Each structure stands twice: as structure tokens, then as C-alpha cells.
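Nothing in this text is a laboratory measurement; each read-out follows from the coordinates by a stated rule. Just so you know, these numbers come straight off a predicted model, no measurement behind them. So basically every Cβ, Gly included, is an ideal-geometry build from the backbone, and we count neighbours across all protein chains shown.
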Amino acid sequence: MKNNIPKLIENINKSNIETWKLKIRTEYEVGIDEYFIVQDPSEKSYTVRVSLLYCDENMEPLDTVGYVDYRVFNTFDRVTGEMYFFLDMIDSVDQDTYDIFYYFLGEDGYLHKKYCINTFYHIEKIEIYEKYQNIGLGTLMMEYLLSEHSDIGVLFVVKPFAFLKEESEELEEYNVKLKSFYTHLGFKKLIKDVWYHGDYK
């Protein structure tokens, strides 16, 4: 972990948020056939939402602190062990996904042989609601996610930029904060606007 978690938790508790009342909820849906015997390349990836919940003394949710949305790409068939045709997978989602993952493509359309990656986690959005901002809860949630998926052959990728309708000083300031946030978590620049966390070679 990049951050000092005990110190992070101590600081959050000082902000009148009792961390023992926080819990994670993970939501995703994937059919058995999609998972094991999928034919459609768009179904070889799936989206996940991890929410951070603030609970009462009985651990019943009172409020949602924030969430992270990410898409999971497995690079091989878990039954046969055969590599997926990666070009179809990334091309079937959206242009932003294609632009990020094109870097990892080989000339044959499969994952380039020089990369030892079993699973990609593409972070699409992270949001902490306003009354819970600036006390470390976004960092805590991301540290959980990175720790939970810290296996060999796993790579997180993200484009740390805000998506606002117009260019402005506010947009630039927010982008600087996002880059600082991901740098603090241990992300590094890969190419252009794409950052990563993990070992990819």
C-alpha cells in the first residue's frame, strides 16, 4: 500500500467519521454463460461499482459516502486458457476504452506477447459526495480496491481527468487535483493521458 493506512484512518476519525461504521458494497452482474462460454466480445468485460457506505451502530447503511466504477477485462478464457482477441474486446466498448488499451495490442489483435497481464481494471469514475470530501475517504476506498486486487498479472489503468463540458480554470484546477490524488496512490504515467498501477512487463 502506498499510504499509511493507520494514520489515514486516524485522520478520518478526527473528522467525526467513525471508520468502524464504514463498509464496502460491491455490485456487478455477470451471467454464467458470459463468464465461461462467451461469444460476444462486448460480454467478455463487465462493470463493477464499489460503494462506501456509512452505517449505524448495527451496521445498517445510513448514507452512501461515494463510489468507484470500473470495468474488468480478462485477457484469456478461464476454461480453455486461450487468449481472447483483445482488439474486439476493447473496440466493442467505446472510443475512450479503445484509446487506452490500444497501447497493449500486438499486431495480430491479441494482447502483445511482451505483456504479462491476466486482468485489467479500467477505473471509469470515482466520486465522493460533497459532505464527505477532503478527509481521506476517496483515498481509503481506492486503497481498499488496490489491495483487494493486488494479484500478479493485474493492472489498473485510468485517465485522471475531469469530464466537464467547457474548458475553464476550474477544470484545470480539478485535473491537477486528480493527478495528485492518483500519484499519491502510486499510479504512474504510461502514455499521454493514461496512468497505471501495477506491473505490466
Query - Segments 143-150, 11-18 sorted - mean Cβ within 10 Å per residue, highest first - result: 143-150, 11-18
Query - Cross-link table Lys7/Lys188; Lys113/Lys179; Lys23/Lys179; Lys44/Lys179; Lys23/Lys189; Lys23/Lys192, entries beyond 28 Å C-alpha to C-alpha - result: Lys113/Lys179; Lys44/Lys179; Lys23/Lys189; Lys23/Lys192
Query - Theoretical gain in end-to-end length, Glu173 to Asp96 [0.36 nm per residue, Cα-Cα removed] - result: 25.5 nm
Report summary line: In the range 39-131, the GluC sites (Glu not before Pro) that sit in a DSSP loop and have at most 14 other Cβ atoms within 10 Å of their own Cβ are Glu57, Glu82, Glu107
Query raised in the report: So what's the angle, to the nearest 10 degrees on a 0 to 90 scale, between helix 5-14 and the longest Cα principal axis of the chain?
Result: 40
Query raised in the report: What length, rounded to one decimal in nm, is gained on full extension from Asn11 through to Ser147, with 0.36 nm per residue of separation minus their alpha-carbon distance?
Result: 47.0 nm
Query - Among [x] 20.0; [y] 18.4; [z] 19.6, the entry derived from the coordinates for Kirkwood radius over Cα pairs in Å - result: [y]
Query raised in the report: So what is the 222 nm mean residue ellipticity for the chain from helices alone, if each DSSP H run of at least 4 adds -39500 (n - 2.57) and you divide by all residues, rounding to the nearest 500 deg cm²/dmol?
Result: -8000 deg cm²/dmol
